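Shown next, in structure tokens, is the structure this report addresses.
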Amino acid sequence: MGEVFTAAVLVAVVASAIRLAVPLLLASLGETFGQRSGVLNLGVDGIMLLGAFAGYYAVLKTGNVWLGLLAGAIVGLFLGLASSFIAVTLKAEQGISGIGVYLFGLGMSDLLFQKLVGTPIPINTFPKVDIPILSDIPYLGPMFFQHSTVVYLAFAAIPVSTFIINRTTFGMNIRAVGEYPEAADTLGVSVAGTRWAAETIGGTLAGIAGGVLAISLGIFQQNLTNGAGFIAIALVYFGAFTPLGIMWGALLFGAINALVLELKTLEIIPRDLSNLAAMAPAIITILALAVVARRIRAPAALTKPFTRGH
Amino acid sequence: MTDRSSPILEMKGITKRFPGVLANDNVDFDVYPGEVHTLLGENGAGKSTLVKILYGLYPADEGEVLIDGEVVSLDSPTDAIEHGVGMIHQHFMLVPTLTVAENVSLGLKSSRGALTDLKAVSERILELSNEYGLDLDPSAVVWQLSVGERQRVEIIKALYRDARLLILDEPTAVLTPQEVDQLFVTLRKLTDDGRGLIFISHKLHEVLALSTRITVLRRGAVTGQIPVEGATRESLANMMVGRAVKLTPDKLPAEPGEIALKVQDLIVMGDRGVIAVDGLNLSVRRGEILGIAGVSGNGQRELAETIAGLRQSESGTIEVAGIDVTGARPRKIRDAGLAYVPEERMREGAIGDFTVWENLLLIDYSSPEYLRSGFFKFGAIKEHSQDLVDTFDIRTPSLETSCGSLSGGNIQKVIMARELSSSPTVLVASQPTRGVDIGAAEYIHRRLIDTRNELTDAEFIHAKLIEHRNACTAILMISEDLDEIFGLSDRVAVIYEGKIMGIVDPETATREEVGLMMAGITTTNA
């Protein structure tokens, strides 16, 4: 085993872990806003899939990756609004309505792909942006500073999210309505409005996450996300509902994925076992969750619709 | 604030209907600056509905609300706050995971735009807390605060919004007598400032101590509006219930028998992993009621649950009728002769979706009397249930009615009926009348005392039916209501931080003495 983990392999695994973490990170950060406000959106994966298709299709037609990202965001925004309407205004059972959104996204993204594209055509991917000076540092440069802009932006979104949640009145309202909406309501905080906003942020970020995924891979196919949206939901728990905790979870998941990919490429894992190995990230995530989640307290009003006077 | 001759608030002809209930029936109510106007009434009399209309939580069907002589529309709490109405809710409206300052500033415009301005808010909180003697740390997270401190946060919240009219919904329910005194000092400062207070309580001595005027509601309608001068506990109770009420139950002196419940050196952990019951000792004899007085959260719940076998102890022993039941399963403890009326009526005492008869059968369902080859014997069950319904005066449309649709008092009577029907050796009753109307409370008290003396008609018949049961019950009654403690107990044990601070004779002890012990202070002569 000794010669397998050369410096070059390590650098490749870390760099790839960071890249693979980004879609999860974005979707999970979005879901954090929703969940901190008391709304569980199980439809994240469906939104990611439609966002991924929209992003793919926009890049296919325009060649511009940023328009692709915008397309993913717009689709996510609308699905976020729809999810808000279902969960907050119609007060649907959140454990079930999200599954509907997921199935809609899964089916619709494939249908649109078959109708509008048909055969997979590769598209432009995000250009790599080397950060001056830093990217020249041996080892650290290729690991951390030779990524595309979206990677840097996604990691920048972590402190921004933390700041919004902890230091702004909007963030305070989110925490309040997720914990004790009755109290927020008696002080004139709009419970529905805050939840709509938080849930829509969640949808938008999920749409962007999907777009990032498709454009990074330069391809779209049926069920492209392979359940990443569900992992993103799990990461919210894993990260104890904090952006920083979610980052560690996303990186852990990205690292395991990167490692498995690398080991496959190096043919250390036999071909006939590679499907089994592909399950490793999910299994390790579930185990990690089982250990960590016991100590984590979810927002008290999570999944509970609010009605004044009840 | 100046003019005290014109009312801050007038509510005229307020009517509110809920499906099947007239919650407020043409109610007139007003508050002048500097006065405490109390709303008094049983549960469901319409007090809460009236103040919720005032606070914008419910729309009124008829009537109008005037503030400073002008008709206002109160469609939401925001409207109410804008008109200077503040409300101290019975169940604190505080977000436990936020700090004091965050809770206070919630819903307000920030001086820093989209960012929170907690520094400025904290400064103002400190000013207010100095002015009104409400000691608070603005940066403390609310879930770490005591109940008394949380209430101070609620008051500060209202003052911060410059409330001139304060609604206090049962503010004393969770406080020690000393904390109540402290609260009343604060409230008097507020009225001195010319603020008007609406006080909701059913503790009659507090109502008499604090109020300027008292309005009594019954079944949604005003049955009397009187100044506090000349009012007595009895006259108020009579107005509330509509007939003469006996506030302290009659009882004969206790004739304690042998020890039936013995708890020794009991240590139990609470839910948060800290010690809740800390080396507690007590014993209850047959034929006596030992009352456990204390502020909630001092280990009462853990003590009761451990005795009933619902919680494991760390160390110590529990004996029921001479049998060591430490760590035994609930069924075994019941078999040893324990009956248990839990504090959480709807969560642990009864199953809301089950019918009345099903709830009455929850313990005895597998007894051959009611079960044959796995099938219920409905004849016997119905007879037994109907018997209990009659005996315990359970007001239910039928035996098939779901228990959850009954009033709190009637649910409690269902639980009492079920637990006492087995003629237990030991009864542990937690908060037996919390949230139960005076009318219903009166009946439950009588039943406790009857059982102890084992003389009533129906109880006697039951005892005959189940002959092998011993009749003389030892009762451990846990209550936060000092009236109940003093009215029923033969001995009063005061619990504080999981220990018994002392045991006093309710005939000779004073409320102040017990109150100090509830706060952890032992008086020298106690």
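The values are calculated or read from the model by the stated rules, or taken from the named source; none is laboratory data. These numbers come from a predicted model, not from an experiment. Cβ placement follows ideal geometry from the backbone for every residue including glycine, while neighbour counts extend to all protein chains displayed. The accessibility values were calculated without ligands, DNA or RNA, using every heavy atom of the protein model including side chains. Shrake-Rupley method; radii C 1.70, N 1.55, O 1.52, S 1.80 Å.
Here are some conditions: (1) closer than 17 Å to B:ILE495 by Cα; (2) of a type outside the set (Phe, Trp, Tyr); (3) open to solvent by less than 10 Å² (accessible area, probe 1.4 Å). B:SER296 meets all but one. Which one does it not meet?
With respect to (1) closer than 17 Å to B:ILE495 by Cα; (2) of a type outside the set (Phe, Trp, Tyr); (3) open to solvent by less than 10 Å² (accessible area, probe 1.4 Å), B:SER296 is out only on (3).
When you check B:ILE8 against the structure, is it more than 14 Å from every other protein chain (Cβ to nearest Cβ) and surrounded by fewer than 23 Cβ atoms within 10 Å (Cβ to Cβ), yes or no?
On the way: more than 14 Å from every other protein chain (Cβ to nearest Cβ): yes; surrounded by fewer than 23 Cβ atoms within 10 Å (Cβ to Cβ): no.
Spelling it out, it is not the case that B:ILE8 is more than 14 Å from every other protein chain (Cβ to nearest Cβ) and surrounded by fewer than 23 Cβ atoms within 10 Å (Cβ to Cβ).
Which of the residues belonging to segment A:132-150 are hydrophobic (A, V, I, L, M, F, W, C) and farther than 22 Å from A:ILE208 by Cβ?
A:ILE133, A:LEU134, A:ILE137, A:LEU140, A:MET143, A:PHE145 - these are the residues of segment A:132-150 that are hydrophobic (A, V, I, L, M, F, W, C) and farther than 22 Å from A:ILE208 by Cβ.
Would you check which residues across segment B:106-119 are more than 7 Å from chain A (Cβ to nearest Cβ) and touching a residue at least 24 places away in the same chain (Cβ under 8 Å) and list them? I'd like the intermediate steps shown before the answer.
Restricting attention to segment B:106-119, the residues satisfying the condition of being more than 7 Å from chain A (Cβ to nearest Cβ) are B:108-109, B:111-113, B:117-119.
Listed by number, the list holds a single entry, B:LEU108.
For the subset of segment B:202-220 comprising residues that are open to solvent by less than 30 Å² (accessible area, probe 1.4 Å) and touching a strand residue (DSSP E or B) at 6+ places or on another chain (Cβ under 7 Å), which member is nearest to B:ASP481 (Cα to Cα)? Working first, answer last.
Step one: of segment B:202-220, the residues open to solvent by less than 30 Å² (accessible area, probe 1.4 Å) are B:204, B:206-207, B:210-211, B:214-217, B:220.
Pick out the ones that are also touching a strand residue (DSSP E or B) at 6+ places or on another chain (Cβ under 7 Å) and you get B:207, B:210-211, B:214-217, B:220.
On the way: B:VAL207: 15, B:LEU210: 18, B:SER211: 20, B:ILE214: 22, B:THR215: 23, B:VAL216: 21, B:LEU217: 22, B:GLY220: 25 Å.
Across segment B:202-220, the extreme among qualifying residues is B:VAL207.
State all residues of segment B:475-500 that are among the acidic types (Asp, Glu) and in contact with an Asp or Glu (Cβ under 6 Å, 6 or more places away or on another chain); if no residue qualifies, say none.
Within segment B:475-500, the subset among the acidic types (Asp, Glu) is B:480-481, B:483-484, B:490, B:497.
Answer for segment B:475-500, where residues must be among the acidic types (Asp, Glu) and in contact with an Asp or Glu (Cβ under 6 Å, 6 or more places away or on another chain): just B:ASP490.
Please work out which one of (1) closer than 24 Å to A:ALA27 by Cβ; (2) open to solvent by 30 Å² or more (accessible area, probe 1.4 Å); (3) in contact (Cβ under 8 Å) with a residue 24 or more places away in the chain; (4) of a type in the set (Val, Ile, Thr) is the condition A:VAL129 fails and give its number.
Unmet condition: (3).
Do you know which of the residues in segment A:134-156 that are among the small types (Gly, Ala, Ser) and in contact (Cβ under 8 Å) with a residue 12 or more places away in the chain is farthest from A:ALA250 (Cα to Cα)? Don't jump to the end; show me each part of the working.
Here is the first cut: in segment A:134-156, the residues among the small types (Gly, Ala, Ser) are A:135, A:141, A:148, A:154, A:156.
This time we only want the ones that are in contact (Cβ under 8 Å) with a residue 12 or more places away in the chain, so: A:148, A:154.
Working: A:SER148: 18, A:ALA154: 12 Å.
This residue is A:SER148.
For segment B:391-403, which positions are at pLDDT 85 or above and not in a loop (DSSP other than H, G, I, E, B)?
Narrowing segment B:391-403 to residues at pLDDT 85 or above: B:398-403.
Within segment B:391-403, B:SER402, B:CYS403 qualify.
I'm told B:ASN43 meets every condition in (1) away from chain A (no Cβ under 14 Å); (2) surrounded by 18 or more Cβ atoms within 10 Å (Cβ to Cβ); (3) modelled with pLDDT under 90 except one. Can you identify the failing condition by its number?
B:ASN43 satisfies every listed condition except (2).
Might you let me know whether segment B:90-100 holds any residue that is in contact (Cβ under 8 Å) with a residue 24 or more places away in the chain, facing chain A (nearest Cβ under 9 Å) and polar (S, T, N, Q)? Give the steps one after another, and end with the answer.
Pass one, segment B:90-100, residues in contact (Cβ under 8 Å) with a residue 24 or more places away in the chain: B:90, B:92-100.
Those still in the list that are facing chain A (nearest Cβ under 9 Å) too: B:92-98.
Restricting the remaining residues to those that are polar (S, T, N, Q) gives B:97.
Scanning segment B:90-100 turns up at least one residue that is in contact (Cβ under 8 Å) with a residue 24 or more places away in the chain, facing chain A (nearest Cβ under 9 Å) and polar (S, T, N, Q).
Can you confirm whether A:LEU60 is touching a residue at least 60 places away in the same chain (Cβ under 8 Å), under 27 Å from A:PHE163 (Cβ atoms) and in a helix (DSSP H, G or I)?
No.
Please go through segment B:255-277 and give me each residue that is farther than 17 Å from B:ALA321 by Cα, open to solvent by 50 Å² or more (accessible area, probe 1.4 Å) and in a strand (DSSP E or B), ordered by number.
Correct list: B:ASP265, B:MET269, B:ILE275.
Scan A:ILE86, A:ILE123, A:ILE96 and give me the residue that is β-branched (Val, Ile, Thr), assigned to a helix (DSSP H, G or I) and surrounded by 12 or more Cβ atoms within 10 Å (Cβ to Cβ).
Numbers: A:ILE123 fails: assigned to a helix (DSSP H, G or I); A:ILE96 fails: surrounded by 12 or more Cβ atoms within 10 Å (Cβ to Cβ).
Exactly one of A:ILE86, A:ILE123, A:ILE96 is β-branched (Val, Ile, Thr), assigned to a helix (DSSP H, G or I) and surrounded by 12 or more Cβ atoms within 10 Å (Cβ to Cβ), namely A:ILE86.
Looking at B:ASP481, B:ASP490, B:ASP450, which one is assigned by TED's automatic domain parsing to the domain that holds B:TYR340, charged (D, E, K, R) and modelled with pLDDT under 75? Explain how you work it out, then say what you get.
Details: B:ASP481 fails: modelled with pLDDT under 75; B:ASP490 fails: modelled with pLDDT under 75.
Only one candidate qualifies: B:ASP450.
So which residues in segment A:97-119 are over 16 Å from A:ALA54 (Cβ atoms) and in contact (Cβ under 8 Å) with a residue 40 or more places away in the chain, if there are any at all? So that I can check it myself, show each step before the final result.
Let us first name the residues in segment A:97-119 that are over 16 Å from A:ALA54 (Cβ atoms), namely A:97-100, A:102-103, A:118-119.
The answer is A:SER97, A:GLY98, A:ILE99, A:GLY100, A:TYR102, A:LEU103.
For segment B:312-323, name all the residues that are open to solvent by 50 Å² or more (accessible area, probe 1.4 Å) and within 19 Å of B:GLY257 (Cα to Cα).
Within segment B:312-323, B:GLU319, B:GLY322, B:ILE323 meet the criteria.
What's the total number of residues in segment B:17-38 that are open to solvent by less than 50 Å² (accessible area, probe 1.4 Å), in contact (Cβ under 8 Å) with a residue 60 or more places away in the chain and not β-branched (Val, Ile, Thr)? Show your work before the answer.
First, pick out the residues of segment B:17-38 that are open to solvent by less than 50 Å² (accessible area, probe 1.4 Å): B:23-24, B:27, B:29-31, B:33-38.
So of that shortlist, the ones also in contact (Cβ under 8 Å) with a residue 60 or more places away in the chain come out as B:23-24, B:27, B:29, B:31, B:33-38.
Those still in the list that are not β-branched (Val, Ile, Thr) too: B:23-24, B:29, B:33-35, B:37.
Looking only at that region, the number is 7.
Here's a check for you: in segment B:474-516, which residue that is over 20 Å from the mean Cα position of the chain (by Cα) and among the aliphatic types (A, V, I, L, M) is surrounded by the most Cβ atoms within 10 Å (Cβ to Cβ)?
So the residue we want is B:ALA474.
Are any residues in segment A:263-310 touching a Lys or Arg at 6+ places or on another chain (Cβ under 7 Å), away from every other protein chain (no Cβ under 13 Å) and open to solvent by less than 40 Å² (accessible area, probe 1.4 Å), and if so, which ones?
The answer is A:SER274, A:ALA277.
Could you please tell me which pairs satisfy a Cβ distance under 8 Å, a separation of 6+ or placement on different chains, a first residue in segment B:74-87 that is closer than 13 Å to B:LYS157 by Cα, and a second residue that is in a helix (DSSP H, G or I) and of a type in the set (A, V, I, L, M, F, W, C)?
What qualifies is B:VAL85/B:LEU54; B:GLY86/B:ALA158; B:GLY86/B:LEU159; B:MET87/B:VAL51; B:MET87/B:ALA80; B:MET87/B:ALA158.
For residues in segment A:185-203 being modelled with pLDDT of 95 or more and open to solvent by less than 30 Å² (accessible area, probe 1.4 Å), which is farthest from the other protein chains (Cβ to nearest Cβ)?
Per the stated criteria, the residue is A:GLY203.
Select, from B:GLY409, B:GLY435, the only residue that is modelled with pLDDT under 85, open to solvent by less than 20 Å² (accessible area, probe 1.4 Å), within 24 Å of B:GLN300 (Cα to Cα) and of a type in the set (Gly, Ala, Ser).
B:GLY409
Go through (1) farther than 30 Å from A:THR162 by Cβ; (2) more than 9 Å from chain A (Cβ to nearest Cβ); (3) open to solvent by less than 40 Å² (accessible area, probe 1.4 Å) for B:ASP75 and report which single condition fails.
(3)
Could we say that A:ALA154 is more than 8 Å from every other protein chain (Cβ to nearest Cβ), surrounded by 21 or more Cβ atoms within 10 Å (Cβ to Cβ) and touching a Phe, Trp or Tyr at 6+ places or on another chain (Cβ under 6 Å) here?
Answer is no for this residue.
Limited to segment A:165-181, what total is found for residues that are surrounded by fewer than 21 Cβ atoms within 10 Å (Cβ to Cβ) and at the interface with chain B (Cβ under 7 Å from one of its Cβ atoms)?
The total comes to 3.
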